[in-house]
Each structure stands twice: as structure tokens, then as C-alpha cells.
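This report refers to the structure that appears directly beneath it.
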Amino acid sequence: MPHNGEVLRRVLFVSIPLIAVGFLGALAGSVMTNFVRVPRVSALETYRPDIITEIRGTDGSTIARYAIERRILIPRSDISTVLQNAIIATEDKNFYRHGGVDLTRTVSAVVADVKHQRYAQGGSTLTQQLARRIFLSPRKTISRKVNEALVAFEIERRYSKDQILTMYANEIYLAHGNYGCEAAARYYFGKRLKELTLAEAALFAGIVQRPEDQSPFRSPELARARRATALRRMRAEGYITEEQRRAAEAEPLPAAPALKETVVAPYFCEEIRQYLERTYGEKDLYRRGLRVDSTLDPPLQAISEEALSWGLRRLARRHGFRRPRNLTAEGYHDLAAYVDPSWESSRFLEGETTRGVVVAVSAGAAEIRVAGRSYPLRASGFSWTQATSASRILKTGDLVTVTFQKGKDGSALLLEQEPTEQGSVLILENSSGAIRAMIGGYDWTQSKFNRATQALRQAGSTFKPFVYLAALEAGYTPSDTIFDGPLSIVIDPRQPPYRPLNYDRKFRGIVTLRRALEHSINVPTVRLARLVGLSRVIEASHRLGIRENLLAYPSLALGAFEVTLEEMTAAYSVFANQGLAFSPYAFEQISDANGDLLEKAHPDAREVTSPQASFQLLQMLKGVTQRGTAAAAAKLAMNIAGKTGTTSDFTDAWFVGMTPRYTIGVWIGNDQKTTLGSGMEGARVALPVWMRILERMKETARIDPKADFEAPPNVVFTAVDYETGLKATPSSPRPILEAFVSGSQPTEEWSEHWDEITRLPWSLQKSFYLPKKGEGSGEESSSESSAAPTPAVTPKSN
């Protein structure tokens, strides 16, 4: 029987190892708890990577993309065999044979790391790379590698190889903000992923580990070497022949992105982006891949942008050439490295305008770099500046605006003046209110302020049609007459009376409503507004969509208040739409990434005036473009109508016009509300832009030049004398067809007696003038507008 000492030794012999094992086990458990943190791979069941929100134009093209990660999800069927083979050969040749970790590659990587005493070599399988990308950090640590292997094992247990490959292709980063192979294929090559060639697929496989450093746009030599490595590995694995390898290796790399980063119609797209963020939140906007089918017509947008830029540069030339920015003075020492934002969207075609850097100047010419090529600026290209030599106006480092033009011996440049003025354009579809084009300023990169929707500018004479509409609604006809003579309105006995003046400071005596509107005569318009009632004018303008608070001052009739271009254009569309008003809208529908409809636009027509009054006013506005202040537009030989507008001191220039299909508004001015220059009225500044838009639309068959406005029921056309509005006779010197509500056409015929009266000086015509029956003149009354003094300055008439 063993003694007590022997028993104690045996107990210790057994218990000490057990205690040690328990202690070490507890220690290991504690360490592993903090060292190995395996994520729940089951989260992949509901995992959805961030994808792109896209805005599309009416032609199906993508006009804007918003995303934190630019990604387009694809199914397994979109991954071509050539891409699959390229990735597997380059990144994980045993992909279909391992269970998540390739032990041979892992051991090789460990040996290399020990040899170099750093993390010198990878060894991660596609599954491990996927695990790292979705669940782990990219930091190279032992704990991450252990977690990576454990997560990879779990992914392989839950998912098939095809599912893993699809997740990898949708998740992997390929530089320049492109996540996933589909987005990268469109960015690098301008094609779908399934359309990639062998050389293109090999490039992706080659640069996948260090895409930013090895991008062909940043390091073409590194990219070429990595593509060659991928091709050699594909050849070694038997995926391609030697002839295929050599042919692919000889193909050129992409020199520039096929997918432009710029947004088409940035002011328009920003309106939609803000709406999406307000309605669906920032997360859905940037991460959940909303699909917006917008109302924008990209060709019409391009036409409008070209026309406005042309008009603003044309205006800028009248002020002479100003010294441009100088990059050298701003600290750019390497002019060859400068990249201008305008080059991103430029195609460098004849007639296109962009910016360039002056790299050399001589007496007779200058050399200007645009993107990666230099072009000559010859004397003919800057002759408009009146400079006798290029060196007088330019120096090396200047950043100038130029337009491409064809020279005798190749492409040459025309020097432009960068405008300081701003402008906006809006095109609405009459039948729905859909916004087909929107420009909010000369250059989005310089100013994000949308002058089409945000800028409140004095309306000037573009407001006058609302006065005449109120008159037509009150029973007046276009042939009724109004007196054009001195008018003095006492508003406040303590203030001087309000005395409106005509643009040319002349009076004409008896004029028809049509003639007064066509020639934008101020005094008859103010007198008519008072005859009808300023409250009626305000009520009519509000019905048509003017949202601003309008006060019943006499100068209201001349547009002495502020309004947006969007309000004014939408209101004018009513005239072309037989009295129906539509609120402008920017999208047809919004859906999620799965195609499920979230929101659909429902254009809602509101009848805001009678079809007859609307059509009569439309015919009067047609006269503006035939005989009136916009008569220059008659050369378009189209059925059009519209109104010019100019404000005091020539601070605002307007033209809002209609075709049977579209209403187009143009505004030009300075943000600081300073003058555009003497004589810079709507007919000289805004109308030419409007006409250029119509000319381009006509040339490109975007509009039917023979289309006409349809007359509503109960409207008849009667021949009247233009000067008097009386029923025309065979002897009438100037007969025109006038639109009347049936029964309201004139019965008194023109005679030579009236011709003699209209030839008298205005002061002698007054005794022959009688206001319309049933209406008082109201000229001496000030009750309608006595609340406050009217603005002292009369807006310009045209």
C-alpha cells in the first residue's frame, strides 16, 4: 500500500498537466475571442452592395449618375467565359478545386513573407478576396488573414462557385470609382461586360490587385505589363493559344475613358437630385440604385446649350476683349499638366467651344493646347479684338476660350470672350408641361445657381400679355382701340404723379389692342390695365401660374416686379394650349433597382382661361413675330408667337415664344442686376438665342415647320384694317385676318375718313377716341393703387 507521499506525487502528476491544459485553453480561448472575429456569413443572404442611381433622358441615354460606389449589378449569365478564365488564371487558378483557401498558395505566400520579413506576397483566393471586400478591412495583419480564411470556408459551404464568382465580379474595385466589372467595362471601353475582348478581359484581371496604380489612364506601361502577365497565365492554364496571346498583347490600351464623367444638363439633373434626396433620403439616392426616367430631351438640350453659349459670347464681344486668367500667375508652373474641366465633355469638333492654354505667342499667331494637342490661333482668329498682333492681347499661361473652326491647312481656333453675363433657357412641352431642356447658367462648373428656377428677375414687357388676356376675358377684342397719349396718375398727393412713357418717347394716338401689344407700347398698356382693373390683371396672372405677390401699382402692367423664367414660360404655354395649364415636371417615373415602380408623374391639366381668349391672345402674339418687336423671327417661316421684354437700364432681356408643340423661354442678364449695355434689349439679346434654337430644331427635324395652332370652337376670322380695327373693305390699305369670338367681330367698315384721322397728330386724334362702350376711362381715378407709391422708373417697352 503506497504511503501518503507517493499518493501526493501521483495526484500532482495527474492534476498539474490538467490544470496547465485548462489554463492554456482558457488563455487561448481568451486570445481567440479577441483575435478571431468571424462575421455572420448569413448576412450575405440580404447583402446588397451600393449601386448607381441613374437619370435617363427621353432617348434612353444616361444623363447623370449618383453613387458613392459606381456599380451596376449583373447576373452570372453576363460574365463571359473569357473574363472568367482571365480572372481565374490570374488570381486563383485552383478556384474550382479548393474549399475557400488554397493551401499550396498560402504556404508559398508565408515563405515569401518570412523571406522578405514583410507581407510581400498575397495568396488569397477569390473567395478570400470577396470575404475581405465585404466583411473585413484591407489591413495586412495575421488576425485578418485568420478571419479571412474562416469566412472563406463558411462562404464556400453556403454558396456555389458560380454564385461566388458572380458576387466577386459585382464587388471588386477597378479604379476611377468603378466597383464591379460591369461599371468598369462601360467606363473603360464603352461596352457591356459580356462584350469584352480577350485583351480587355486580361487588362481587368491584371490590374485587379492595384487598380489605381496600374490604371491604363495613369500608368500605361504598368497596365501593359499586368495585362501581359494575365495573358501569360491564361496561356499556361491552357485557356488560350500562343497566337491568341500574342494578338491580344499587341492590342492598344484604352487611351481615355469611354464613359464621360460629366452630367448632361447639370442644372436640370440637380433639380432631380435634390428632389430624390428630399423624397427618398440620402441613403437611397447614393446607395440603392434608383432609376429615374426624366423628361429631358438630350438633343434639344444640346441645341439649347449651344445657342445660349453662342448668344452670351456674341454679347461679350461687344464689350471688347478682356485679359484672361493666367495660370502661371496663379501658381501653375507645369502648364503641360493642367487639365481643364471643359475637356472632360468636349469632343473637339468643328464649331465646339472649349478652353485652352496659351503655350506660345508670336506677333502673328499663338499656339494653344487643348487637352493633349496644340492648335494654331492665327490672325483671322482674333481679328475681332482689333489687336494687330497676338502678343498684344495674349501671353504664355493664359487660359482662353476658343471655338474650333476649319482652316485651309487643318483645324484652327477662333478666340472667344468669356462672358460675364448669365442666361437661362427653358423648353416645355405644351401638351403636358414636361421639361425638355433646361439651362440655368453659362457654366455649371463656375456657378451652381439655377437662373431658370431660382432667379427672380423683373419681367418687363413679357408681362404685358396678361394685361391683354384680362381685357379679352372682360369682353374686349384685338380690334378694339385704346388711346396712346400722355397719362398722369396721382397715387399719393404728396408724391409726383406717375407718368409712364413709351420706349421711343413718342405717342401715336388711337391704336388697336393688337397694335399696342405687337409694338409693346407702354402707355396704352397701362391705360388698358386701369380700364380692365389691375385686380383682374393680377388674378389672371396668378391663374396662369405666376406665384409672386403682385401689388396693384399702375406699373404692374409693364412688368415692374420679379418672376422666374420657369413661371413665365409655363404661363405662356397656356396661350398655345387653348387655356390649359400644366405644372412643369422633370420626370416620368422613378423605380428602384429591381424595376419596381416607386412614383409616376400624372400631368394634370387645369383650365385657367377660355380657349377663345387664349387663342385670340396667341394670334396677337403671332403678330409680334411678324410685324412687331420680334419681327426678325419672321424669317424662320414658321407658325410662332411670342413676346420680347426689356427692363430699365437694360438689366434684363427676355423672349418667351411658342410653337404649336413647345414653349421656349430665354432670359439674359447679370447676376448683380447691372446693365447689359445701352440698347441691349430683348429683341437684340434674347430673341437671337431663341431663333437659333428654332433654326437648329428645324435643321435636325426636331420640329415640324408647317405645324400650326389649332383654333378652338366659336372662333371666327374676319378681315379688319390693321390701323383702325374696323371691318376691312377692298380699299383698306392694310387688311389683316383677325380672330374673334363669334358675334364680336366689328360691323363698322373702314373708310378714308378714318384713314385721315389716324394720320393726324396724336393730340388731334383724342377728340375722336371713345372708350369701349360700357367701360369708364378711369384715368383720373387712383383708388386701385393708392396703397403705396409706384416705382418711379418705367420699364422699357420691348
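The values are calculated or read from the model by the stated rules, or taken from the named source; none is laboratory data. Predicted model only: the values in this text are computed from it and were never measured. Here Cβ is always computed from backbone atoms with ideal geometry, including for glycine, and neighbour counts include all displayed protein chains. Surface areas here come from the heavy atoms of the whole protein model, side chains and all, with no ligands, DNA or RNA. Shrake-Rupley method; radii C 1.70, N 1.55, O 1.52, S 1.80 Å.
Estimated from helices alone, the mean residue ellipticity of the chain at 222 nm is -11000 deg cm²/dmol (sum of -39500 (n - 2.57) over DSSP H runs with n ≥ 4, per residue).
Remark: for residue pairs Lys622/Lys706; Lys727/Lys766; Lys260/Lys283; Lys635/Lys698; Lys260/Lys600; Lys727/Lys772, the C-alpha separation exceeds 18 Å in Lys727/Lys766; Lys260/Lys283; Lys260/Lys600.
Carbon and sulfur together cover what percent of the accessible area of the range 551-695 at a 1.4 Å probe radius? Carbon plus sulfur share of accessible area: 46 percent.
Pairs with C-alpha atoms separated by more than 29 Å, drawn from the list Lys145/Lys194; Lys448/Lys673; Lys191/Lys448, are Lys145/Lys194; Lys191/Lys448. Simple point charges give the picture: +1 on the Cβ of Lys and Arg, -1 on the Cβ of Asp and Glu, and for the range 398-525 a dipole about the Cα centre of about 360 debye.
The range 249-330: which trypsin sites (Lys or Arg not before Pro) are DSSP loop and have at most 16 other beta-carbon atoms within 10 angstrom? For trypsin sites (Lys or Arg not before Pro) across the range 249-330 that sit outside H, G, I, E and B with at most 16 neighbouring Cβ atoms in 10 Å, the list reads Lys260, Arg318, Arg322.
First check a/c for the range 453-535, with a ≥ b ≥ c the square roots of the eigenvalues of its C-alpha gyration tensor; if it is under 1.5, answer rounded, and if not, answer prolate when a/b is larger than b/c or oblate otherwise.
Rounded, since a/c falls under 1.5.
The packing ranking of peptides 241-253, 326-338, highest mean first, is 241-253, 326-338, where packing means the average number of other beta carbon atoms within 10 angstrom of each residue.
Rounded to the nearest 20, the Cβ-based charge dipole of the chain about its Cα centre (Lys and Arg +1, Asp and Glu -1) stands at 2560 debye. Simple rule: put +1 on each Lys or Arg Cβ and -1 on each Asp or Glu Cβ in the range 329-423, find the dipole, and look at Leu335, Gln422, Phe382; the Cα lying farthest toward the positive end is Phe382. Where Lys and Arg each count +1 and Asp and Glu each count -1, what net charge lies around Tyr173 among other residues with Cβ under 9 Å from its Cβ? Net local charge, Tyr173 excluded: -2. Going by a ≥ b ≥ c, the root eigenvalues of the Cα gyration tensor, does the range 628-731 fall in the rounded group (a/c under 1.5), the prolate group (a/b larger than b/c) or the oblate group? Since a/c reaches 1.5 but b/c is at least a/b, the shape of the range 628-731 is classed as oblate.
Sorting the segments 560-567, 548-555 by their mean number of nearby beta carbons within 10 angstrom, highest to lowest, gives 560-567, 548-555. Counting only protein heavy atoms and using a 1.4 Å probe, the accessible area of Lys643 comes to about 0 Å².
Toward the positive end of the charge dipole of the chain, about the Cα centre and with charges on Cβ (Lys, Arg +1; Asp, Glu -1), which of Gly356, Val624, Leu687 goes farthest? Farthest towards the positive end: Gly356. Out of Met234, Ala474, Thr724, whose Cα points farthest toward the positive end of the dipole of the chain (charges: +1 Lys, Arg; -1 Asp, Glu; placed on Cβ)? Final value for the positive-end residue is Met234.
At 1.4 Å probe radius, can you tell me the per residue accessible area of the chain in Å²? Per-residue value: 45 Å². Per-residue SASA remark: Ile164, around 0 Å² accessible (1.4 Å probe; ligands, DNA and RNA not included).
Ranking Leu428, Leu136 from most to least accessible surface, computed with a 1.4 Å probe over the protein chains only, gives Leu136, Leu428.
A full extension of the chain between Lys706 and Leu335 corresponds to an added length of 128.3 nm, given 0.36 nm per residue minus the alpha carbon distance.
Oblate is the label for the range 431-501. Its Cα gyration tensor axes, ordered a ≥ b ≥ c, give a/c of at least 1.5 and b/c at or above a/b. Taking every protein chain into account, the 1.4 Å probe leaves Ser383 with about 70 Å² of accessible area, to the nearest ten.
Dipole magnitude for the range 493-595: computed about the Cα centre from +1 point charges on Lys and Arg Cβ and -1 point charges on Asp and Glu Cβ, it is near 1040 debye.
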